[in-house]
Amino acid sequence: MQTFTKQQLLGFADRLEKRAFARKTASAPTTLYDVFISHSYSDRVLAKGIYDQFFEWNYIPYIDWICDPFLNREDVTDNTAEVLRRRMRNSKVLIYVTSENHIKSRWMPWECGFMDGIKSKVAILPATENVQSNFTGQEYLGLYPWLGIHDNCVHVADPKTNSMKKFDDWIRS
């Protein structure tokens, strides 16, 4: 299995810009989501690509600044935390996008811990510079499975059991 590269994710984002992005998001208003995408706002272009790709795979993704543009990510407030809690409760899984920017995020560790606590459905999506055939997350990120590509399909690799399954099967289990 291989990691997603930043170049691949940026390519997803380029396709997103070429399509009717506003029409797509407007046509899918929802309060139930399949995938909560936790990311650093510094990686918003990568996150947009991931968001679009999940739509392509027929999942309903959530990104705060797209779905709830009124939220202020800069301030940690009760209101913002409550909206994010509600969105995570109404999501099946959380995808934690790692890059050199994720360590600067105020919200990502909190989102990961919250979702792990309520659903135990967290996977890491490493955004790497070059294709890697393995991912070892540092510190607590190494506890979680990670998303990658195998045989042109998205899979989830579990380092604890040294096993891999299709994302479709993982999200439904």
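Descriptive notes on the structure:
- Within region 46-72, the only residue that satisfies the criterion of being polar (S, T, N, Q) and under 14 Å from Leu84 (Cα atoms) is Asn72.
- For the residues Met108, Met88, Met164, Met115, the requirement of being among the hydrophobic types (A, V, I, L, M, F, W, C), over 20 Å from Leu10 (Cα atoms) and in contact with a Ser or Thr (Cβ under 6 Å, 6 or more places away or on another chain) singles out Met108.
- If you go through region 139-173 and keep only what is in a helix (DSSP H, G or I) and of a type in the set (D, E, K, R), you end up with Glu139, Asp168, Asp169, Arg172.
- Candidates Gly137, Gly142: the one that is without any contact (Cβ under 8 Å) to a residue 24 or more places away in the chain and either among the small types (Gly, Ala, Ser) or open to solvent by 70 Å² or more (accessible area, probe 1.4 Å) (or both) is Gly142.
- Among residues of region 160-173 being farther than 14 Å from Asn58 by Cα and touching a residue at least 24 places away in the same chain (Cβ under 8 Å), the one that is most open to solvent (accessible area, probe 1.4 Å) is Met164.
- Considering Asn101, Asn72, Asn58, the condition of being more than 22 Å from His155 (Cα to Cα) and surrounded by fewer than 14 Cβ atoms within 10 Å (Cβ to Cβ) is satisfied by Asn72 alone.
- Positions within region 40-92 being of a type in the set (A, V, I, L, M) and within 22 Å of Ile118 (Cα to Cα), in sequence order: Ile60, Ile63, Val76, Ala81, Val83, Leu84, Met88
- Output for region 75-98, where each listed residue is among the hydrophobic types (A, V, I, L, M, F, W, C) and open to solvent by 30 Å² or more (accessible area, probe 1.4 Å): Val76
- Identity of the residue in region 117-134, among the charged types (D, E, K, R) and assigned to a loop (DSSP other than H, G, I, E, B), that ends up most open to solvent (accessible area, probe 1.4 Å): Glu129
The values are calculated or read from the model by the stated rules, or taken from the named source; none is laboratory data. Remember, it's a predicted structure, so these values are computed and weren't measured experimentally. Virtual Cβ from ideal backbone geometry, glycine too; neighbours counted across all protein chains shown. We work out accessible area using only protein heavy atoms, side chains counted, and drop any ligands, DNA or RNA first. Shrake-Rupley method; radii C 1.70, N 1.55, O 1.52, S 1.80 Å.
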